[in-house]
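Please treat every number below as a calculation from the coordinates, not as lab data. Note that the coordinates shown come from a computational prediction; the quantities given were computed from them, not determined experimentally. Cβ coordinates were reconstructed from backbone atoms using ideal geometry, including for glycine residues, and neighbour counts include every protein chain displayed.
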Amino acid sequence: MRFLERFSRGQFSLTRTEAFSDAVFAIIVTLLVLELKVPQLKDVTSVGELAPKFVSWLNSFIIVCKFWLNHHHLLGLARHANYGMMWLNSLFLLGQSFIPFPTALAGEYPHNALAVSFFGIVFALNTFLFLLLNAYIRRNLLKPEFAARQDRNAVTKGLIGPASYLTGAALAWVSIHAAFAVYALTPLFYITPWNERAAPGGATRTKSKPRH
């Protein structure tokens, strides 16, 4: 227990955490587009050989942007950072940094059920990591002005993402097209932050003092 208590120590500014996180996200989206290399086409008139690469890239780019948006919103709810939050944030970024690999794999082998299934499993894992960071901040570091606006159904809503990605991963063994359809539709549920009720008057956030 004393070991775990060490993670609750520290009271750090969020500025460097946000800057580091944004840098990692920027590198990830750059690596995604770098995987769009000109392939050696067996049939120079074939569209089917090119489409999977663009579909997997677009899916991943939208999902990473969704993660970035919700991550940005989440850090805005925290009073400050502590060791526990920074390590959970690093673990989340670790998962994010792996995204270019399954994206390239699914784009290169779009008819391989394992490759397409692995794509969904990686995104399910990344969503779980985000949920862990989300839960830690809301239970330990939440600003008082946001406490009354927490959605009681947040846990249930949060699990929709991993369940959907895992459903897509399972569908890959039956229908590749169905799996990619599920992957494309899942981010729409999280296109804006999902676990906070609107403030009175329709405002989405409460003004707070700027962090230094």
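Quick look at the values:
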{"quantity": "Positive minus negative residues near Leu34 (Lys, Arg vs Asp, Glu; Cβ under 15 Å)", "calculated": "0"}
{"quantity": "Which of Val64, Val29, Val174, Val155 has the fewest Cβ neighbours within 10 Å, and the rest in rising order", "calculated": "Val174, Val155, Val29, Val64"}
{"quantity": "Length gained when the stretch Arg9-Lys143 is fully extended (0.36 nm per residue, less Cα-Cα span)", "calculated": "46.5 nm"}
{"quantity": "Order of Glu145, Glu18 - criterion: other Cβ atoms within 10 Å of each residue's Cβ, fewest first", "calculated": "Glu145, Glu18"}
{"quantity": "Residues of the stretch 76-113 with amide N under 20 Å of a point placed 7 Å along Cα→Cβ from Val174", "calculated": "111-113"}
{"quantity": "Per-residue HN-Hα couplings for the stretch 109-115 [Karplus 6.51, -1.76, 1.60; θ = phi - 60°; Hz; x = Gly/Pro]", "calculated": "10, x, 9, 8, 4, 5, 4"}
